[in-house]
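K.L.:
Got a structure for you, questions after.
The values are calculated or read from the model by the stated rules, or taken from the named source; none is laboratory data. Everything numeric in this text was worked out from a predicted model, so none of it was measured. Positions of Cβ are backbone-derived with ideal geometry, glycine not excepted, and every protein chain shown enters the neighbour counts. To get the accessible areas, we keep the full protein, side chains included, count just its heavy atoms, and leave off ligands, DNA and RNA. Shrake-Rupley method; radii C 1.70, N 1.55, O 1.52, S 1.80 Å.
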Amino acid sequence: MSEVVSYQLQGNVGVITVNSPPVNALSQAVRKGILDGVKAAQADDSEAIVIRCDGRTFIAGADITEFGKPPLDPWLPEVLTAIENSRKPVIAAIHGTALGGGFEVALACHYRCAVASAMVGLPEVKLGLLPGAGGTQRVPRVAGVKAALDMITGGNPIAAAKAKDMGLIDEIVEGDDLAAGAVSYARDLVASGAPLKRIRDISIKKETIEPGFFDNARKQLAKRARGQIAQDRIVSCIEAAVNLPMDQGLARERELFQELVKSPESAAMRHIFFAERQAAKIKDLPKDTPIRDIKSVAIIGGGTMGGGIAMCFANVGVPVTLLEVNDEALQRGMGIIRKNYSITVQKGKMSEEQMEKRIGLIQGSTDYVEIADVDLVIEAVFENLELKKEIFARLDGVCKQGAILATNTSYQDVDAIAAATGRPQDVLGLHFFSPANVMKLLEVVRGEKTADDVLATSMAIGKKIGKVCALSRVCYGFIGNRMLGGYGREAQMLLLDGCTPEQVDSTLEEFGMAMGPLAMGDLAGLDVGYKARQARTDLPDDPKLYRMGTLLVEMGRHGQKTGSGFYKYDPETRQRQSDPEVDALIKEEAAKLGVEQRDISKEEILARCFYPLINEGAKILEEGIAQRPSDIDVVYVFGYAFPVAKGGPMFYADQVGLKNVYDKICEFRDRYGADYWQPAPLLEKLANEGKTFAQWDQERGDG
Ligand code: 3HC
Ligand code: NAI
């Protein structure tokens with residue numbers, strides 16, 4: 001039939017099998033293969049048709065690589081119409097994940113069966129899209145409007161059992177042999193004379209929808225959508241499912257799907273989908289690099305980070321030994337872990353029993369002897385190079401050969417830490433983000449001598465604990481924190497130039513950042529940056545630099561923890577409020593420093609804060625600190641809450657145009673000085689050549 005889809009008659013059942021690795025996505029060849037299969041089955045002796053897949057999963061969706069390219073026949077709705085109009089019952093047999101267009105194929109079938117481990121879902125919203133092949137019309141007809149809205153705007157897959165409760169799956173097939181189970185289910189349906197159940201024939205009872213339901217949904221979704229339009233369009237489609245006949249509803253869905261495919265938000269989110277997967281690949285590592293077995297882990301230091309990291313491993317069933325300086329520190333660390341888990345239990349996201357099981361996997365210790373046999377050690381003690389070197393020398397003495405020794409340092413030199421051991425090939429940085437059990441990013445920091453299998457193992461273990469990994473070479477602050485310097489600096493400089501803290505933060509929040517940089521400073525504690533700056537000798541001698549942050553700390557305004565910082569905080573709600581005292585102080589300081597205050601546009605606020613990120617990103621690429629521009633985007637989206645709908649700083653720069661970014665940086669250099677605004681040579685080169693970072697990367701090849 002075709003290379004990726006086959007059709008075979010098994011007695012009275014025609015079986016269409018899709019085999020298009022890795023995830024059986026609905027490429028043109030798969031669409032055509034299924035259509036041909038359905039047509040063939042109409043003409044032979046089959047009495048029912050099963051659609052199933054080989055490999056690890058049922059169809060995981062449309063082929064995302066085809067979006068934005070000229071459409072190729074047959075288009076998916078045509079295939080689904082053929083399935084739905086089949087004269088013989090069509091049964092989807094689901095294993096793995098039936099997602100997006102894949103689940104829509106299943107919904108066009110007359111019956112759906114699945115193994116118990118299967119998941120189904122419509123994750124299109126995560127790509128800035130909506131289900132474009134009937135998902136928004138069929139799910140509300142089966143599962144109800146409210147459940148459909150939650151499922152499609154949330155985008156999270158649901159387990160087979162729940163899907164069955166919702167009516168989305170008809171039969172759970174026991175055992176592992178779905179191919180045989182589905183054929184047997186099909187025969188039972190034929191034998192019982194089961195009707196051709198078409199979801200399109202179900203009509204939704206309008207009177208069951210509360211007045212104002214859709215308006216309320218729109219309002220609530222707008223709050224969490226942050227500059228994304230897909231949620232709003234999904235509501236419109238479900239509204240159409242209620243108010244319009246099926247074909248008109250499908251036409252409306254199609255129209256809005258096309259709008260979203262062309263939207264910049266979806267382009268950015270698709271970029272991040274592939275960037276995330278690309279980032280896990282290390283360019284110069286052979287594919288067959290062996291992986292070390294990680295069966296047990298030790299964490300040195302059970303503070304803010306150590307506790308969260310321990311939870312990451314316990315959550316996936318890996319036993320952890322948490323090592324602290326003394327019993328008191330150990331009890332404090334274990335107490336925080338218990339408190340964090342309890343919050344999850346209170347929210348109903350975990351049972352007491354699960355909590356105890358996970359805590360049971362974390363064993364406390366104050367004795368290095370107890371970690372002699374672990375496979376991986378992650379050090380998370382105070383940010384002090386001498387202390388870290390001391391600890392690594394000790395680990396070298398006690399840990400078994402072949403153990404991976406990692407540091408969670410934010411800024412220290414991983415090579416200097418590795419040199420404190422006699423086995424630098426086993427040492428690397430594993431840089432988690434706070435809170436470590438929540439934040440998705442893991443920067444894997446490759447030292448000068450880190451062995452290939454240590455890197456490959458780290459990428460694999462990162463994936464296992466649910467992190468998005470990105471590789472960085474060693475430099476001050478690695479990719480993420482190094483780039484952040486200019487962002488925080490300019491946020492404060494803008495105050496002296498005439499902005500209020502609220503103006504700076506709200507402009508960046510409107511852009512899509514979860515929290516503006518000044519509010520973020522207040523949350524993290526202004527004293528943290530203050531202390532870090534005092535230890536630095538490389539900062540320009542400029543009284544304007546971090547002036548406001550420094551003054552506030554010296555006034556005892558350390559941020560949320562002291563009730564005030566750039567803002568004052570309501571003690572009850574912790575809501576930020578503008579503080580006239582701070583506004584007056586800024587004016588006073590600007591006058592003292594001879595800075596003439598002026599009205600500053602939102603465009604300038606965005607450029608002043610984001611262009612330093614982009615410029616530093618360009619330097620990081622030139623120096624080979626990051627492998628690719630898209631890796632930097634991954635770091636910012638998953639580690640710093642840069643809006644996914646903007647695709648990360650480097651993708652954003654490509655959309656703005658590198659020439660525009662470069663020209664603006666030159667303008668700022670002339671106005672504010674080359675100490676802060678020296679354009680990166682790579683940015684200058686690409687701006688002059690009229691190229692993007694993505695083109696530059698493609699031309700280099702991804703070897
Ligand atoms: N199209 C094209 N390629 C896809 C793809 C898709 N829908 N889904 C996955 N891939 C590719 C990945 O890019 C990756 O390629 P690589 O090996 O070259 O890096 C490979 O398949 C394996 O993917 P993962 O590494 O993600 O494998 P996992 O086993 O970890 O996860 C998965 C499998 C859960 C299916 C996950 O890949 C996934 O969530 N895929 C996307 C699902 C999705 O969003 N579907 C909806 C698409 S939009 C749509 O269907 C529109 C419709 O309504 C018309
Ligand atoms: P923390 O101060 O909360 O915890 C450090 C812990 O280490 C303390 O509990 C202390 O008792 C323990 N400790 C000190 N010396 C020890 C020793 N010799 N043996 C065993 N335990 C010892 O610090 P935090 O915030 O957890 O930071 C730890 C590391 O993680 C630092 O290197 C930091 O730069 C890095 N980091 C911190 C992030 C954050 O947001 N807090 C984010 C990413 C990395």
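K.L.:
Translational diffusion coefficient, Stokes-Einstein: compute it for the range 380-486 using the Kirkwood radius over C-alpha pairs as Rh, at 20 °C and 1.002 mPa s, and state it as an integer in µm² s⁻¹.
P.N.:
The Stokes-Einstein estimate is 154 µm²/s.
K.L.:
While we're here: What's the ranking of 590-601, 456-467 by average number of surrounding C-beta atoms within 10 Å, highest first?
P.N.:
So the peptides 590-601, 456-467, ranked by packing, come out 456-467, 590-601.
K.L.:
Please find the FRET efficiency linking D288 to E603, where r is the Cβ-Cβ separation and R0 is fixed at 60 Å, and quote it to the nearest 0.05.
P.N.:
0.75
K.L.:
Something else now. Using amide H atoms built 1.01 Å from N in the peptide plane, name the residues 5+ places from I404, or on other chains, whose amide H lies under 5 Å from its own.
P.N.:
Correct list: L376, V377.
K.L.:
Evaluate the relative contact order of the chain (contact order divided by residue number), counting alpha-carbon pairs under 8 angstrom at least 6 apart; express in whole percent.
P.N.:
It comes to 9 percent, rounded to a whole number.
K.L.:
If you plug each phi of the range 117-126 into the Karplus form 6.51 cos²θ - 1.76 cosθ + 1.60 with θ = phi - 60°, what whole-Hz ³J(HN,Hα) values come out, in order, with x for Gly and Pro?
P.N.:
7, 5, 10, 10, x, 10, x, 3, 4, 6
K.L.:
Go through the range 218-228 residue by residue and turn each phi into a ³J(HN,Hα) via Karplus (6.51, -1.76, 1.60, θ = phi - 60°); whole Hz please, and just put x for glycine and proline.
P.N.:
Per-residue couplings from phi come out as 4, 4, 5, 5, 4, 5, 9, 6, 6, x, 9 Hz.
K.L.:
If you count only protein heavy atoms with a 1.4 Å probe, what accessible area per residue comes out for the chain, rounded to a whole Å²?
P.N.:
43
K.L.:
To continue, here is another question. Tell me, what are the semi-axes, in whole angstrom and largest first, of the equivalent ellipsoid of the range 297-478 as set by the roots of 5 times the Cα gyration tensor eigenvalues?
P.N.:
The equivalent ellipsoid of the range 297-478 has semi-axes of 26, 18, 14 Å.
K.L.:
If I fit a long axis through the Cα atoms of helix 452-464 and take the longest principal axis of the Cα atoms of the chain, what angle between them do I get, 0 to 90°, rounded to 10?
P.N.:
Helix 452-464 and the main axis of the chain meet at about 60 degrees.
K.L.:
Give the peptides 667-673, 449-455 in descending order of average Cβ contacts within 10 Å, highest first.
P.N.:
In decreasing order of mean packing, 667-673, 449-455 become 449-455, 667-673.
K.L.:
If you average the sequence gap of Cα pairs under 8 Å that are 6 or more apart and divide by the length of the range 492-592, what percent do you get for the contact order?
P.N.:
For the range 492-592, the relative contact order is 29 percent.
K.L.:
Let me know the Rg and Dmax you get for the range 1-90 when you use only its Cα atoms, in Å.
P.N.:
So, for the range 1-90, Rg and Dmax equal 12.8, 42 Å respectively.
K.L.:
Could you compute Rg(Cα) / (2.2 N^0.38 Å) for the range 159-291, with N its residue count?
P.N.:
The reported ratio for this selection is 1.54.
K.L.:
Take the alpha-carbon centre of the range 105-169, take the same for the range 301-326, and report the distance between them in whole Å.
P.N.:
When both Cα centres are located, 37 Å separates them.
K.L.:
Can I ask one more? As an exercise, take the mean of 1/r over every pair of distinct alpha carbons in the range 514-647, invert it, and state the Kirkwood radius in angstroms.
P.N.:
17.1
K.L.:
Can you compute the charge dipole magnitude of the chain about its Cα centre, using +1 on each Lys and Arg Cβ and -1 on each Asp and Glu Cβ, nothing else charged? Give it in debye, rounded to the nearest 20.
P.N.:
Computed charge dipole of the chain: roughly 1060 debye.
K.L.:
Report the Stokes-Einstein translational diffusion coefficient (µm² s⁻¹, integer) for the range 602-700, Rh taken as the Kirkwood radius over Cα pairs, at 25 °C with viscosity 0.890 mPa s.
P.N.:
Answer, rounded: 183 µm²/s.
K.L.:
While we're looking at this one, here's another question. Just going by the charge dipole of the chain, with Lys and Arg at +1 and Asp and Glu at -1 on Cβ, which of A607, S86, T136 is farthest out on the positive end?
P.N.:
S86
K.L.:
Right, something else. For E588 and A416, calculate 0.36 nm times their separation in residues minus their Cα-Cα distance, and state this gained length in nm to one decimal.
P.N.:
Between E588 and A416, full extension yields an extra 57.5 nm.
K.L.:
Quote the relative contact order of the range 536-604 in percent (integer), defining contacts as alpha-carbon pairs under 8 Å separated by 6+ residues.
P.N.:
Worked out over the range 536-604, it gives 17 percent.
K.L.:
So, one more: List the trypsin sites (Lys or Arg not before Pro) in the range 502-582 that DSSP assigns to loop (not H, G, I, E or B) and whose Cβ has at most 11 other Cβ atoms within 10 Å. Which are they?
P.N.:
R536, R574
K.L.:
Same structure, new question: Expressed as a whole number of Å, what is the distance separating the alpha-carbon centroids of the range 391-461 and the range 589-642?
P.N.:
Using only Cα atoms, the two centres lie 28 Å from each other.
K.L.:
May I ask you to order 162-171, 617-626, 630-639 by the average number of other C-beta atoms within 10 Å around their residues, highest value first?
P.N.:
Put in order of decreasing packing, that is 630-639, 617-626, 162-171.
K.L.:
Which angle from 0 to 90°, rounded to the nearest 10, does the C-alpha axis of helix 501-511 make with the longest principal axis of the chain?
P.N.:
Approximately 30 degrees, to the nearest 10.
K.L.:
Name the residues whose placed amide hydrogens come within less than 5 Å of the amide hydrogen of D63, ignoring near sequence neighbours (fewer than 5 apart) on the same chain.
P.N.:
L26, S27
K.L.:
Same structure, new question: Taking the alpha-carbon set of the range 5-261, what are its Rg and Dmax in Å?
P.N.:
Over the range 5-261's Cα set, Rg and Dmax evaluate to 17.5, 55 Å.
K.L.:
Taking amide H positions as placed in the peptide plane 1.01 Å from N, state which residues far from V13 in sequence (5 or more) or on other chains have amide H under 5 Å from it.
P.N.:
Sorted by chain and number, the residues that satisfy this are E47.
K.L.:
Among all the lysines, which ones have a C-alpha under 25 Å from K685's C-alpha, if same-chain residues fewer than 8 places away are not counted?
P.N.:
Straight-line reach from K685, under 25 Å: K283, K619, K646, K659, K664.
K.L.:
I need two numbers for the range 100-237: Rg to one decimal and Dmax as a whole number, Cα atoms only, in Å.
P.N.:
16.3, 53
K.L.:
Next question. On a 0 to 90° scale, report how tilted helix 580-592 is relative to the longest principal axis of the chain, with both axes built from alpha carbons and the result rounded to the nearest 10.
P.N.:
It works out to around 50 degrees.
K.L.:
Only helical DSSP H runs with n ≥ 4 go in: add -39500 (n - 2.57) per run for the chain, normalise by residue count and round the 222 nm mean residue ellipticity to 500 deg cm²/dmol.
P.N.:
Counting only the DSSP helices, I get -15000 deg cm²/dmol.
K.L.:
Hey, another quick one. Using C-alpha positions alone, give me the convex hull volume of the range 292-387 per residue in cubic angstrom.
P.N.:
Roughly 99 Å³ of hull volume per residue.
K.L.:
Something else: Pairs K347/K463; K223/K347; K39/K162; K281/K561: which are spaced more than 31 Å apart, C-alpha to C-alpha?
P.N.:
Too far apart for the 31 Å limit: K39/K162; K281/K561.
K.L.:
Give a residue-ordered list of calculated ³J(HN,Hα) values for the range 333-350 (Karplus: 6.51 cos²θ - 1.76 cosθ + 1.60, θ = phi - 60°; whole Hz; x for Gly, Pro).
P.N.:
With the stated coefficients, the range 333-350 comes to x, 5, x, 5, 4, 4, 4, 4, 5, 4, 4, 5, 5, 4, 6, x, 9, 7 Hz.
K.L.:
Å³ per residue of the Cα convex hull, for the chain?
P.N.:
180
K.L.:
Carbon and sulfur atoms: what percent of the 1.4 Å accessible area of the chain do they account for?
P.N.:
Exposed carbon and sulfur together represent 51 percent of the surface.
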